[in-house]
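The values are calculated or read from the model by the stated rules, or taken from the named source; none is laboratory data. Predicted model only: the values in this text are computed from it and were never measured. As a convention, Cβ positions derive from the backbone with ideal geometry for all residues, glycine included, and neighbour counts pool all protein chains shown.
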Amino acid sequence: MAKGKLSIEVQTFVVQCLACFDSPSVVAASVKAEFGETITRQAVEGYDPTKKAGAKLAARWRALFEETRKTFLEDTSKIGISHRAVRLRKLEAQVTLNEQRGNSGMVASLLKQAAEEMGNAYTNRRELTGKDGKDLPAVTTPVTIFQLPDNGRS
């Protein structure tokens, strides 16, 4: 389907999906599901200003793409799985399902993953403390026991 034949609503949807790193195939399938319209992957790619096919994209769509991409990259709070509670809830559902199926190996693996999640194994946060949470000992400078002769090389 040519660009001009799509409604503004569909075009906006396509640009925003591409800005959120959806592939042209996924976007084409989403357009079909959401709007009941068929669009080819090649036509979808024409709405991506980062691709050669989208090099002549109108300024309006280019601006929408850039704004959407910036917002998408800066705001991860809208992505459910970025929150620990959501991840734990999904893990719990998987544990329940695998218990019903009698898959004890998978249950054990999921329980280990949940324990690691609760223990912050999947974060980059590091605490630099000494034993029992006390301050680290101060760095001591090395003590010179004896001085070697420089033999005139200084």
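Of the residues contained in segment 59-74, none is found to be more than 30 Å from residue 111 (Cβ to Cβ), in the same structural domain as residue 9 (by TED's automatic domain parsing), outside any helix (DSSP H, G or I) and out of contact with any His (no Cβ under 9 Å at 6 or more places or on another chain). Among the residues of segment 62-77, at least one is surrounded by 12 or more Cβ atoms within 10 Å (Cβ to Cβ), modelled with pLDDT of 95 or more and in contact with an Asp or Glu (Cβ under 9 Å, 6 or more places away or on another chain).
Restricting segment 28-42 to residues that are farther than 15 Å from residue 53 by Cβ and hydroxyl-bearing (Ser, Thr, Tyr) leaves a set whose member that is nearest to the chain's Cα centre (by Cα) is 30. Scanning segment 1-53 for residues that are aliphatic (A, V, I, L, M), surrounded by 12 or more Cβ atoms within 10 Å (Cβ to Cβ) and free of Cβ contacts under 8 Å to residues at least 12 places away in the same chain returns 26, 29, 53.
Residues considered: 104, 82, 25. Of these, the only one that is over 30 Å from residue 118 (Cα atoms) and hydroxyl-bearing (Ser, Thr, Tyr) is 25. So which residues in segment 6-27 are part of a helix (DSSP H, G or I) and under 22 Å from the mean Cα position of the chain (by Cα)? Answer for segment 6-27, where residues must be part of a helix (DSSP H, G or I) and under 22 Å from the mean Cα position of the chain (by Cα): 13, 14, 15, 16, 17, 18, 19, 24, 25, 26, 27.
So that you can scan it fast, the table gives a plain yes or no per residue for (1) in the same structural domain as residue 65 (by TED's automatic domain parsing); (2) under 25 Å from residue 70 (Cβ atoms); (3) of a type in the set (Val, Ile, Thr):
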residue	(1), (2), (3)
9	yes, yes, no
12	yes, yes, yes
20	yes, yes, no
25	yes, yes, no
30	yes, yes, no
42	yes, no, no
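Inspect segment 79-87 for any residue being β-branched (Val, Ile, Thr), at pLDDT 95 or above and either closer than 30 Å to residue 22 by Cβ or exposed (fewer than 13 other Cβ atoms within 10 Å of the Cβ) (or both) and give the result as yes or no. No - not one qualifying residue is present in segment 79-87. Under the condition of being touching a residue at least 24 places away in the same chain (Cβ under 8 Å), of a type in the set (A, V, I, L, M, F, W, C) and out of contact with any Phe, Trp or Tyr (no Cβ under 8 Å at 6 or more places or on another chain), the residues counted in segment 54-89 number 2.
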